[in-house]
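The values are calculated or read from the model by the stated rules, or taken from the named source; none is laboratory data. Please read all numbers here as calculations on a predicted model, not as lab measurements. Positions of Cβ are generated from backbone atoms using ideal geometry, with glycine treated the same way; all protein chains shown enter the neighbour counts. Protein only, heavy atoms only, side chains kept; ligands, DNA and RNA dropped before computing areas. Shrake-Rupley method; radii C 1.70, N 1.55, O 1.52, S 1.80 Å.
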Amino acid sequence: MSALGFRGVAAAVCVTFGLAFWKAAADPAAVAQIKSRQDKLRDMGGALKAINDELKKRRIDWDNTVVPNAQTIKDRSGYLLNWFPRGSGPESGKKTYALPTIWEKNDDFMRLGKAAEAAAAKLNQAALSKDGNALTAEAQAMGKACKACHDSYRSADYGKKEDED
């Protein structure tokens, strides 16, 4: 093989690997979104847990626990559907429990996200009304809205004890 032929083959190989790397490299903004969305979703889950824990008590602390946590859920739910840009799933190479079906079945994912947002608004209204029965019903509805999405769009590996780097 002549020197020119070898250089041509070497250049083609470099270009091929370079294009493959470029295609595989995730969008830095999408990758940064993963940690942010995980933190916000954990906050929402923690807020719902705090409300449910409060409902088990003899006396509900509306002002210090229920109302602020319901507000957190409502506020964050309004941004929920923006937390999953293309490129922020497993293809990013970062640890995420978001399944590829989020982007494959995006219309359904959006429908469930909007339902969660509506449930969060109702939960917040029940908290503001300080009606224990309404709060119980809306907390259950919020839990079902979360579960509907988690059942289809979150990896079954979520919650399993794993070594973290």
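When segment 46-70 is filtered for residues that are open to solvent by 60 Å² or more (accessible area, probe 1.4 Å) and either of a type outside the set (D, E, K, R) or under 22 Å from LYS144 (Cβ atoms) (or both), the ones remaining, listed by number, are LYS49, LYS56, ASN64.
Just to confirm my filter: which helices (runs of 4 or more DSSP H) fall fully inside segment 96-165 and include at least 1 residues that are among the hydrophobic types (A, V, I, L, M, F, W, C) and within 19 Å of ALA47 (Cβ to Cβ)?
Details: elements: 101-104, 106-129, 132-153.
In segment 96-165, 106-129, 132-153 are the helices (runs of 4 or more DSSP H) which contain 1 or more residues that are among the hydrophobic types (A, V, I, L, M, F, W, C) and within 19 Å of ALA47 (Cβ to Cβ).
Scanning segment 71-111 for residues that are within 30 Å of ILE60 (Cα to Cα) and in contact with a helix residue (DSSP H, G or I) (Cβ under 7 Å, 6 or more places away or on another chain), we see that the one that is surrounded by the most Cβ atoms within 10 Å (Cβ to Cβ) is ILE73. Given the condition at pLDDT 95 or above and more than 13 Å from the chain's Cα centre (by Cα), answer yes or no: does some residue in segment 88-99 qualify? Looking through segment 88-99, none of the residues is at pLDDT 95 or above and more than 13 Å from the chain's Cα centre (by Cα). Criterion first (farther than 18 Å from SER36 by Cβ, open to solvent by 60 Å² or more (accessible area, probe 1.4 Å) and either free of Cβ contacts under 8 Å to residues at least 40 places away in the same chain or of a type in the set (Ser, Thr, Tyr) (or both)) does ASP131 satisfy it? Criteria met by ASP131.
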